[in-house]
Amino acid sequence: MVASKSLSFISLFIAFFIQACSSSKPTFRIIEKPILFNEERETLSLDYLEKRHGITKQEAKIEPQMVVVHWTAVYNLEDTYEVFNPVYLGGRPDLNSASSLNVSAHFLVDRDGAIFRLLPDTTFARHTIGLNYMSIGIENIGGPDAPLTRAQLKANADLINFLAKRHDISYVIGHHEYQAFRGSILWKETDHNYLTEKNDPGDAFMRKLRKRLGSNRFKSKP
């Protein structure tokens, strides 16, 4: 009888443990996948900060106040990584005119919601005209032919909440919204004619993201 009760207790404990494990939420984590940031890239970054943003620094560092959400228009993780990894920009005459520094971002979110860190949060990255000096860039694998997924939506919200605990983040914008900052005190681009038209990640995705974050929590305009 005692043995029977003991076995019954163990069975109940195992059942409870399995249920608890299966109902627990996945742990938020960031996978390290650094792009090349050597002395040459830092020199180009410092040059960009000075010539394009009018800011002179000893190190290519930023104090993040903004998160800019992008999509890659490249449809897999490894190909996107190979775009960002080189120090020098290739095949983009519209951007090469401003600097030969390659484009990059701090984070890359795959279609299943996996988050990869390409650069430290406070390292300078070239991803948004006029606002690089103060913003963290999040790139999402996808584009017009592959709309961003629900898993990416959740991952972006989780990542932004994480970043807001580490930095004084006041603004969250989509890349397509960046020109709203032209003429404001936050806009720092020495060439007023240097602009590109962007449509990523689109109004629909940003509406859903802001709903998850809390509609009035972060500003989208200066």
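The values are calculated or read from the model by the stated rules, or taken from the named source; none is laboratory data. These figures come from a predicted structure and were not determined experimentally. Neighbour counts are summed over all protein chains in view; Cβ atoms, including those assigned to glycine, are modelled from backbone coordinates with ideal geometry.
Quick one: which residue in Phe218, Phe205 is among the hydrophobic types (A, V, I, L, M, F, W, C), closer than 24 Å to Gly142 by Cβ, surrounded by fewer than 19 Cβ atoms within 10 Å (Cβ to Cβ) and touching a residue at least 24 places away in the same chain (Cβ under 8 Å)? Reasoning before the result, please.
Working: Phe205 fails: surrounded by fewer than 19 Cβ atoms within 10 Å (Cβ to Cβ).
Selected residue: Phe218, the only one of Phe218, Phe205 that is among the hydrophobic types (A, V, I, L, M, F, W, C), closer than 24 Å to Gly142 by Cβ, surrounded by fewer than 19 Cβ atoms within 10 Å (Cβ to Cβ) and touching a residue at least 24 places away in the same chain (Cβ under 8 Å).
Number of residues in the stretch 117-128 that are in contact with an Asp or Glu (Cβ under 7 Å, 6 or more places away or on another chain) and surrounded by 21 or more Cβ atoms within 10 Å (Cβ to Cβ): the value is 0. The condition of being at negative phi, crowded, with 17+ Cβ neighbours inside 10 Å and among the aliphatic types (A, V, I, L, M) holds for Leu153.
Of the residues that sit in the stretch 165-186 and are out of contact with any helix residue (DSSP H, G or I) (no Cβ under 9 Å at 6 or more places or on another chain) and either in a helix (DSSP H, G or I) or aliphatic (A, V, I, L, M) (or both), which one is farthest from Val69 (Cα to Cα)? Spell out the reasoning first.
Narrowing the stretch 165-186 to residues out of contact with any helix residue (DSSP H, G or I) (no Cβ under 9 Å at 6 or more places or on another chain): 165-168, 170, 175, 178-185.
Still in the list and also either in a helix (DSSP H, G or I) or aliphatic (A, V, I, L, M) (or both): 165-166, 175, 178-181, 185.
Numbers: Lys165: 18, Arg166: 18, His175: 6, Tyr178: 10, Gln179: 14, Ala180: 15, Phe181: 15, Ile185: 21 Å.
Out of the qualifying residues, it is Ile185.
Kindly indicate whether His70 is closer than 16 Å to Ala157 by Cα, in contact with a His (Cβ under 8 Å, 6 or more places away or on another chain), of a type outside the set (A, V, I, L, M) and at pLDDT 95 or above. Can you show your working first?
Numbers: closer than 16 Å to Ala157 by Cα: yes; in contact with a His (Cβ under 8 Å, 6 or more places away or on another chain): yes; of a type outside the set (A, V, I, L, M): yes; at pLDDT 95 or above: yes.
Criteria met by His70.
Tell me, which residue of the stretch 109-168 that is touching a Phe, Trp or Tyr at 6+ places or on another chain (Cβ under 7 Å) and polar (S, T, N, Q) is nearest to Asn193 (Cα to Cα)? Per the criteria, the residue is Thr128.
The C-beta contact set for the stretch 48-63 (first residue under 16 Å from Glu189 (Cα atoms), second residue exposed (fewer than 13 other Cβ atoms within 10 Å of the Cβ), distance under 6 angstrom, 6+ apart or interchain) comprises Glu50/Thr56; Arg52/Thr190; Gly54/Thr190. Among the residues of the stretch 181-202, those identified as under 19 Å from Met134 (Cβ atoms) and loosely packed, with under 14 Cβ neighbours inside 10 Å are Gly183, Ser184, Ile185, Thr190, Asp191, His192, Thr196.
Residues in the stretch 98-115 that are surrounded by 21 or more Cβ atoms within 10 Å (Cβ to Cβ) and either assigned to a loop (DSSP other than H, G, I, E, B) or among the aromatic types (Phe, Trp, Tyr) (or both): Asn102, Ser104, Ala105, His106, Phe107.
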